[in-house]
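Nothing in this text is a laboratory measurement; each read-out follows from the coordinates by a stated rule. Note that the structure is predicted; figures quoted are calculated from it, not measured. Note that we place each Cβ from the backbone using ideal geometry, even for glycine, and neighbour counts take in every protein chain shown.
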Amino acid sequence: MFTFPAVVFLAFLSAAAYGDICNLNNGMTDEARKTFLRMHNKFRSLVARGKAVDKLGGFAPKAAKMMKMGYSCDVEKSMMSWLDQCQWGHSSIENVGENIYMTTKTKENMTVSAIKSTTAWFDELKDKGVGQANILTDAVFGRGVGHYTQMVWQSSTKLGCGVKWCNHMTFAGCQYVKQGNWFDEAIYEKGEPCSKCKCPKCKCDVKVGLCSIRK
């Protein structure tokens, strides 16, 4: 699944803006990495707390065990291996979920790309809708909500993302582990936030309604 949103803002990164917590030397900035992760957890929190508007009526159901996502440098490496090809479309990399974004803006600020891509993916819920059943059927997927459903897929707990400047365009994308978007399965378990966040190492952040595993 991929999006092609209108883009009206362009900024450039100075050399000083680069960091590499992943030690991959692939051009990604630490700020962009943190923004991709923050945006995903922000949107997952909205869903978990029943605050995400669904075009089909009301709000997406609350989530009983919405996991807080973590960032994976290994997954980022996989995502960047595809974005480096500067090809519009999905990779053939197995066992990961994947969302792709493209804009015709050249050298779009990487943090801006992180915000715009994740927002465009999540907006599929309010623009197209999923419904209260919260099951990814063929019909639901056919509405064009696959970016959204992958973002909030309960068992997807790690992501790695990238931004690539190509000729006359900028690509951005995220891959997810575990892979989501399995047909005829629940996108996530419905219920009061964190009501099923119960295991020896589980902890709930009540304020955001997300469950995480203690290290």
- request: Could you tell me the distance between the Cα centroids of the stretch 110-127 and the stretch 163-215, to the nearest Å?
  value: 15 Å
task: Rounded to whole Hz and in sequence order, give me ³J(HN,Hα) for the stretch 84-93 from the Karplus expression 6.51 cos²θ - 1.76 cosθ + 1.60, θ = phi - 60°, writing x for Gly and Pro.
output: 4, 6, 6, 10, 7, x, 9, 7, 9, 5
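With runs of 4+ DSSP H residues as the only contributors, calculate the mean residue ellipticity of the chain at 222 nm using -39,500 (n - 2.57) per run, divided by the residue total and rounded to the nearest 500.
Values: 6 runs with 57 residues, N = 215.
The helix-only estimate for the chain comes to -7500 deg cm²/dmol at 222 nm.
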message: Just to confirm the filter: which GluC sites (Glu not before Pro) across the stretch 49-104 are DSSP coil and have at most 11 other Cβ within 10 angstrom of their Cβ?
response: E94
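On a 21 Å Cα-Cα criterion, which of the cross-link pairs K65/K128; K105/K164; K126/K158; K126/K203 come out too long?
Details: K65/K128 24 Å; K105/K164 12 Å; K126/K158 24 Å; K126/K203 30 Å.
Pairs exceeding 21 Å: K65/K128; K126/K158; K126/K203.
As a footprinting exposure proxy, order K105, K201, K128 by other Cβ within 10 Å, with the fewest listed first.
Numbers: K105 20, K201 8, K128 16.
In increasing order of surrounding Cβ atoms, one gets K201, K128, K105.
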query: Among the aspartates and glutamates, which have Cα under 18 Å from the Cα of K207 when same-chain residues fewer than 8 positions away are ignored?
result: E192
statement: Per the charge dipole of the stretch 95-183 (beta-carbon charges, Lys/Arg positive, Asp/Glu negative, Cα centre), the residue among S113, Q179, W153 reaching farthest to the positive end is S113
statement: For C174, the net charge from surrounding residues (Cβ-Cβ under 12 Å; K, R +1; D, E -1) works out to 0
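In terms of the Cα gyration tensor, with a ≥ b ≥ c the square roots of its eigenvalues, is the chain rounded because a/c is under 1.5, prolate because a/b exceeds b/c, or oblate?
Numbers: a/c = 1.83, a/b = 1.41, b/c = 1.30.
Prolate is the answer for the chain, as a/c is 1.5 or above and a/b outweighs b/c.
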